[in-house]
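One structure is given here, and the rest of the page talks about it.
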Amino acid sequence: MNQHLKLHPVTERPINAETPLNSLGNAHTPTNLFYIRNHFDIPELDSEQYQLKINGSVTDPLELTLKQLNDFPEKILTVVMECAGNGRSSMKPAIKGTLWNLGAISQAEFTGTPLHYVLKAANLTKDTKEIRFTGADHGKLRTGETENYIRSLPLEMAYHPDTILAWEMNGETLSPQHGFPLRLVVPGWYGMASVKWLQEITALTQPFKGFFQSQDYVYIGEEDIPDHTPVTNMRVRSLIIEPESESSFRKDRIHLSGIAWSGDGAVVKVELSFDGGDSWKEATLQASTSTYEVTRWDMIGSQIAQVVLRLSPEPRIHQGIPNPSNRSGTRVDMEIILFTR
């Protein structure tokens with residue numbers, strides 16, 4: 001059903017491209033339609049020569065081949081992943097960065113092994129505070145320096161049972177665009193945490209202060225969040241998939257459907273307003289099999305010119321880590337315009 005659909009290009013080099021929104025009705029976004037986010041050119045890696053280095057504050061440094069990684073216990077997770085800059089093109093005031101519309105979100109099934117098995121095999125020292133992940137992709141930063149893409153996780157998230165090292169996506173070997181031969185997957189967090197083309201894992205005794213941890217993907221000017229706090233969990237959000245904005249319809253009743261998600265847990269309520277927010281009507285939710293998946297919703301609406309949507313997430317704390325982006329209550333999130341004819 002998606003043969004005619006294509007990714008929507010955002011930049012050519014490095015390649016960045018959005019998922020067509022009408023493909024998000026699938027349980028898994030087809031790999032060829034999964035959004036692509038790159039900071040640098042895609043590296044060319046040989047799976048036969050590949051070795052993952054685990055070093056730093058460990059007593060047993062490791063260099064693991066893909067075959068050795070496959071010997072660790074396997075885990076399969078369906079995960080919604082969103083770029084932290086999704087929707088940047090419509091933000092006011094304007095924000096610097098890649099000008100995404102709303103398609104920097106997709107959902108896929110990832111197969112790999114929980115990271116904690118590999119960390120335990122390397123035997124971290126007691127003073128370890130963070131785990132740093134180095135991707136093979138590299139290039140020039142806006143500072144003029146050349147650097148690999150590197151991010152870190154607090155120890156609690158690195159040991160989370162659902163943080164995995166993935167070698168398959170939607171039942172197939174990872175494609176070069178999505179991190180072949182190995183990538184990190186951090187469910188519930190924005191995609192910048194899920195480092196692709198993973199070549200090195202380093203245990204640290206001090207917080208990592210690299211460019212993509214302390215200058216990019218940080219909060220600036222956010223209420224109640226100190227400046228330069230690293231971005232973590234995905235904020236509660238929703239998209240109206242059908243009908244598309246600025247579409248027209250003939251009947252006095254119209255079927256609306258969409259998806260909602262949150263890094264803080266399952267979305268438990270989706271409400272829509274057909275009168276500019278004066279009153280709200282609750283949508284019907286489809287049951288999700290995992291808090292890491294989108295929640296699908298449906299509603300029948302009347303003749304309208306405008307739809308406003310708000311959401312209620314179920315707050316959650318990851319392994320004792322407070323989420324600085326968590327907001328209590330509901331929030332107006334998305335608006336579409338429809339025309340009767």
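Figures for the structure shown
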{"item": "Residue that is surrounded by the most Cβ atoms within 10 Å (Cβ to Cβ), among those in segment 6-47 that are farther than 26 Å from Glu200 by Cβ and of a type in the set (Ser, Thr, Tyr)", "result": "Thr29"}
{"item": "Pick from segment 186-205, criterion in a loop (DSSP other than H, G, I, E, B) and of a type outside the set (S, T, N, Q), ranking: surrounded by the most Cβ atoms within 10 Å (Cβ to Cβ)", "result": "Val195"}
{"item": "Those strands (runs of 3 or more DSSP E) lying entirely in segment 6-88 with at least 3 residues over 22 Å from Arg237 (Cα atoms) and not small (Gly, Ala, Ser)", "result": "52-56, 62-64"}
{"item": "Verdict on Thr232 being modelled with pLDDT of 95 or more and touching a Phe, Trp or Tyr at 6+ places or on another chain (Cβ under 7 Å)", "result": "yes"}
{"item": "Residues (crowded, with 21+ Cβ neighbours inside 10 Å, assigned to a strand (DSSP E or B) and either over 19 Å from the mean Cα position of the chain (by Cα) or in contact (Cβ under 8 Å) with a residue 60 or more places away in the chain (or both)) located in segment 149-167", "result": "Tyr149, Arg151, Ser152, Ile164, Leu165, Trp167"}
{"item": "Tabulated pairs, segment 276-295, first farther than 12 Å from Ala260 by Cβ, second among the hydrophobic types (A, V, I, L, M, F, W, C) and modelled with pLDDT under 80, C-beta under 6 angstrom, 6+ apart or interchain", "result": "Gly277/Val308"}
{"item": "The listed residue being over 30 Å from Thr146 (Cβ atoms) and modelled with pLDDT of 95 or more, out of Thr11, Thr19, Thr65", "result": "Thr19"}
{"item": "Among (1) under 26 Å from Gln215 (Cβ atoms); (2) not in a loop (DSSP other than H, G, I, E, B), the one test that Gln107 misses", "result": "(1)"}
{"item": "Breaking point among (1) assigned to a strand (DSSP E or B); (2) in contact with a helix residue (DSSP H, G or I) (Cβ under 8 Å, 6 or more places away or on another chain); (3) among the charged types (D, E, K, R), for Arg132", "result": "(2)"}
{"item": "Condition met for Ile15 (within 20 Å of Thr134 (Cβ to Cβ) and of a type outside the set (Asp, Glu))", "result": "no"}
{"item": "Number of the condition not met by Ala108 [criteria: (1) at positive phi; (2) surrounded by 17 or more Cβ atoms within 10 Å (Cβ to Cβ)]", "result": "(1)"}
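The values are calculated or read from the model by the stated rules, or taken from the named source; none is laboratory data. The shown structure was predicted, so the numbers you read here are calculated from the model rather than taken from an experiment. We place every Cβ from the backbone using ideal geometry, glycine too, and count neighbours over all the protein chains shown.
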